[in-house]
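Written out below as structure tokens is the structure these notes cover.
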Amino acid sequence: MLSAVIIILREALEASLIVSTLLVSSRIFGISNRWTPWALVSGVAGAAITALFLGTISEWFEGAGQELLNAAMLILVTLLLTGISFCIARCARRNKCPVGIRAMQAMLIGAMATAIIREGTEIVIYIYGFSYNGQMLVPVLLGGGIGLGIGISVGVLVYYGLLGLPARYILIVTPVLIALVASGMASEAVLYLIQANWLPSQMPLWDTGGWISEPSLLGQLLYALIAYEATPTPLQAGVHGFTLLLILSLTAWGTISKDGNHDKSGRPAL
Amino acid sequence: MAKNNPGRSGIICFFGILWLAMTAVSTAAAAPPVIEIEIRGHLFFPSEIKVPADRKVKLKVHNADPTPEEFESYELNREKVIMGGQTATIFIGPLRPGRYPFFGEFHPETAQGVVIAE
């Protein structure tokens with residue numbers, strides 16, 4: 001049962017961190033959370049459907065289908081998170097939202113649903129694999145429930161932790177968190193493409209496993225948050241760092257008003 | 001109009017060169033060796049695999065069990081779900097000489113193996 005806890009927890013942790021930052025973003029935009037149930041339902045339904053067809057999908061593109069699908073979902077979420085971060089910068093400080101409420105809701109729904117599909121598919125397949133075996137199913141469901149519960153709790157902590165900060169810090173920490181998560185997802189996408197031989201593979205750039213080993217608790221937490229890898233290839237590390245800088249720069253640029261001044265007096269809609 | 005063309009053709013050129021470069025890099029190397037692994041009864045056969053170091057290697061993992069398994073390795077940085085009865089292709093390497101454990105995430109107590117690069 002313990003392995004079930006850990007397996008589900010890993011996926012749930014990644015998803016719940018994204019869900020929390022998106023919910024905080026929604027608060028920053030001053031949008032009600034009415035979009036959230038739609039995102040949750042489509043995410044779960046999407047995960048079930050993807051799990052159902054994963055066998056078929058995996059055969060596509062000469063066996064690279066699974067990696068391509070994962071990479072596509074990760075890149076989509078990265079792009080949506082980038083847009084959301086930029087909108088936080090423009091809307092909250094400048095009251096110059098570049099897009100309307102419907103568009104922001106669409107980005108939030110898209111990011112949340114896709115993230116849930118991405119992590120949820122594995123959970124569905126794992127549990128489905130034990131549905132054959134009645135004896136094992138109960139401990140797996142229990143363990144999975146516990147793992148899911150822990151993952152959700154961490155998300156709740158992050159949500160209230162962020163909202164508990166003074167208003168001006170929320171507007172800095174949230175985009176930074178989004179940038180960290182999004183750049184991590186971009187590097188995960190690169191890793192999947194390397195695995196499928198769609199991107200060149202290289203020797204690892206460094207090995208930080210001696211400091212923070214991937215299977216350790218800290219390593220797992222960092223993996224869920226920023227896709228920490230002890231032995232990234234130059235391409236992976238490059239994409240990770242470049243995407244992080246890109247999103248941070250874009251967001252910082254978004255806070256600059258038209259006449260070149262930073263606006264520090266804007267009241268965020270929180 | 002004239003305004004859009006320089007930007008658009010610049011982007012096309014960039015991706016064209018990138019694609020050519022990557023094709024050149026991949027065709028310059030010889031085809032990677034293929035190694036087959038089978039999952040049966042939540043165990044890997046063989047569980048110890050020797051691969052040449054410093055080269056890309058193609059693993060073909062066949063899941064002979066009816067239930068899905070996930071091939072995973074922290075050291076190799078690879079993870080892939082393999083549905084029951086399916087065969088998955090996973091590229092690993094280039095690896096420095098050493099031991100790289102892998103496991104079946106869905107049955108980690110039994111499904112364990114190691115890739116030895118030398």
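The values are calculated or read from the model by the stated rules, or taken from the named source; none is laboratory data. Nothing here was measured: the structure is a model prediction, and the numbers come from that model. Note that each Cβ is placed from the backbone with ideal geometry, even for glycine, and that neighbours are counted across all protein chains shown. Please note that ligands, DNA and RNA were not included when accessible areas were found on the heavy atoms of the full protein model with its side chains. Shrake-Rupley method; radii C 1.70, N 1.55, O 1.52, S 1.80 Å.
Quick look at the numbers
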{"read-out": "Residue satisfying all of: in segment A:53-102; within 12 Å of chain B (Cβ to nearest Cβ) and among the hydroxyl-bearing types (Ser, Thr, Tyr); farthest from the chain's Cα centre (by Cα) among these", "value": "A:Thr56"}
{"read-out": "Within segment B:89-110, considering residues that are open to solvent by less than 10 Å² (accessible area, probe 1.4 Å) and among the aliphatic types (A, V, I, L, M), the one nearest to A:Glu67 (Cα to Cα)", "value": "B:Ile90"}
{"read-out": "Residue match in segment A:122-130 (condition: hydroxyl-bearing (Ser, Thr, Tyr) and open to solvent by 20 Å² or more (accessible area, probe 1.4 Å))", "value": "yes"}
{"read-out": "Any hit, segment A:42-52, residues being under 24 Å from A:Gly161 (Cα atoms) and out of contact with any Leu (no Cβ under 6 Å at 6 or more places or on another chain)", "value": "no"}
{"read-out": "Candidate set: segment A:13-50, residues that are open to solvent by less than 10 Å² (accessible area, probe 1.4 Å) and of a type in the set (A, V, I, L, M); chosen: the one nearest to the other protein chains (Cβ to nearest Cβ)", "value": "A:Ala47"}
{"read-out": "Of the criteria (1) without any contact (Cβ under 8 Å) to a residue 24 or more places away in the chain; (2) more than 14 Å from chain B (Cβ to nearest Cβ); (3) part of a helix (DSSP H, G or I), which one A:Met136 fails", "value": "(2)"}
{"read-out": "Those residues of segment B:87-97 which are within 7 Å of chain A (Cβ to nearest Cβ) and part of a loop (DSSP other than H, G, I, E, B), in sequence order", "value": "B:Gly93, B:Pro94, B:Arg96"}
{"read-out": "Selection count, segment A:2-36, where residues are closer than 23 Å to A:Ile150 by Cβ and under 18 Å from the mean Cα position of the chain (by Cα)", "value": "19"}
{"read-out": "So A:Val156, is it touching a Lys or Arg at 6+ places or on another chain (Cβ under 8 Å), more than 14 Å from chain B (Cβ to nearest Cβ) and modelled with pLDDT of 95 or more", "value": "no"}
{"read-out": "Count of segment A:58-113 residues which are in contact with a helix residue (DSSP H, G or I) (Cβ under 6 Å, 6 or more places away or on another chain) and of a type in the set (Gly, Ala, Ser)", "value": "10"}
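Table: residues versus (1) touching a strand residue (DSSP E or B) at 6+ places or on another chain (Cβ under 7 Å); (2) surrounded by 13 or more Cβ atoms within 10 Å (Cβ to Cβ); (3) free of Cβ contacts under 8 Å to residues at least 60 places away in the same chain; (4) away from chain A (no Cβ under 13 Å).
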| residue | (1), (2), (3), (4) |
| --- | --- |
| B:Ala31 | no, no, yes, no |
| B:Glu36 | yes, yes, yes, yes |
| B:Leu43 | no, yes, no, yes |
| B:Lys50 | yes, no, no, yes |
| B:Val57 | yes, yes, yes, no |
| B:Asp65 | yes, yes, yes, no |
| B:Pro68 | yes, yes, yes, no |
| B:Phe71 | yes, yes, yes, no |
| B:Glu75 | yes, yes, yes, no |
